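Data first, discussion second: the structure below is written as C-alpha cells.
Please treat every number below as a calculation from the coordinates, not as lab data. Just so it is clear, the model here is predicted, and its values are computed rather than measured. Cβ coordinates were reconstructed from backbone atoms using ideal geometry, including for glycine residues, and neighbour counts include every protein chain displayed.
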Amino acid sequence: MIDKLPKAAIFDWDNTLVNSLPLVCDAINATLSYFGLKADMTVKKVQAQSQHSAKDLFPRIFGSNSEQAQKFYYEKYEELSRNKIIPLPGALALLKLFADQKIYMAIVSNKRGSKLREEVETLGFTHYFKEVVGSTDCAYDKPSPLCVDRALQQFVADVDRKSVWFIGDTMADYLSAIDSECVPILVADVDGVPVSCAKFDGCQALEDFCTKLVVQNKK
C-alpha cells in the first residue's frame, strides 16, 4: 500500500506524459508502406512494442533495411509531430506537485535521446528533470537497469530504491522498475503485471491520488 510520496520519480515519456503514440503509429505505418510491408500498426500494437527501442526493433522488422528505415521513420515522425506533442491530462499538474514537494525527477524512455530531449525542451519541461535518458544514451535501452542508474546519477548515491517510483504505461516500464528495485506505478492498463501493482487511469488520476497523500501527511 502506498501511503507517502516518493523521494524520486522516474517517468516514461510517450503515452505517460505526452500524447505522442498516435503520431508514432502513423510514422511507423508510413515507414512500413514505404518499404513495401503491410502497414497494419495500431496504437495498441505500438504500445505493446514500445518496450523496445527502434534500434532493437527495426532490425527484426526491416532486416537489412533497418538503418534506412530508421532514418525514414524519424524524418516522418518529425514531420508529423511538429507542434503536435502536448501533455496528457494531469501531466503538468503532477510535475508541478512533485516539484513543489522537492521530489527528484528524471525521464527514461526508449525514444531516441536527442529527439526526446528536444520534445521535453519544446514543451518547457526541461527544468523539472535532472536527467533525461533516451535510446542509445546507455549501453542498453530500457528495461535495462543501466538506464535507471543513469537517471539517478545526480541523486543520493545510496538512496533506498523503494522510495523511487518508476511511472509508465508499458510492460517495459514495469520491468524497469522491478529490475532496478524501484516501485512500479502504471498509468495505463498493462496485461501481465501482478494485480498488486499500483495502477491509475492516467496522470490525472495519479495526480489526484498524490494530492490526497500530501493533504493526509500534513495532518
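Table for the structure above
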{"item": "Calculated FRET value between Glu79 and Ala48, using beta carbons and R₀ = 22 Å, to 0.05", "result": "0.35"}
{"item": "Percent RCO, i.e. relative contact order, over the range 1-101, from Cα pairs under 8 Å lying at least 6 residues apart", "result": "37 percent"}
{"item": "For peptides 184-194, 8-18, sequence by mean Cβ density within 10 Å, most packed first", "result": "8-18, 184-194"}
{"item": "Principal axes of the chain: Cα extent on each, largest first, Å", "result": "62, 34, 31"}
{"item": "Listed residue pairs exceeding 19 Å between alpha carbons, taken from Lys4/Lys162; Lys71/Lys130; Lys84/Lys130; Lys38/Lys111; Lys162/Lys218; Lys102/Lys142", "result": "Lys71/Lys130; Lys84/Lys130; Lys38/Lys111; Lys162/Lys218; Lys102/Lys142"}
{"item": "Amide N proximity, the range 164-188 versus Lys4 label position 7 Å along Cα-to-Cβ, cut-off under 20 Å", "result": "164-167, 181-185"}
{"item": "Phe155 long-range amide H proximity, modeled H, under 5 Å", "result": "none"}
{"item": "C-alpha long axis of helix 21-34 to longest principal axis of the chain, angle in °", "result": "20 degrees"}
{"item": "Beta bridges by DSSP in the chain, antiparallel share as percent, to the nearest 5", "result": "5 percent"}
{"item": "Sequence-separation-based contact order of the chain, relative, with Cα cut under 8 Å and 6+ spacing, percent", "result": "26 percent"}
{"item": "Local electrostatic count, Pro89, Cβ distance below 15 Å [Lys/Arg +1, Asp/Glu -1]", "result": "-3"}
{"item": "Angle in degrees between helix 91-100 and the longest Cα principal axis of the chain, rounded to the nearest 10", "result": "40 degrees"}
{"item": "Residues Gln153 and Leu123, FRET efficiency given R0 of 22 Å [Cβ-Cβ distance, rounded to 0.05]", "result": "0.40"}
{"item": "Local electrostatic count at Trp13 - Lys and Arg +1, Asp and Glu -1, tallied over other residues with Cβ under 9 Å", "result": "-2"}
{"item": "Rounded to 10°, Cα long-axis angle of helix 203-218 versus longest principal axis of the chain", "result": "10 degrees"}
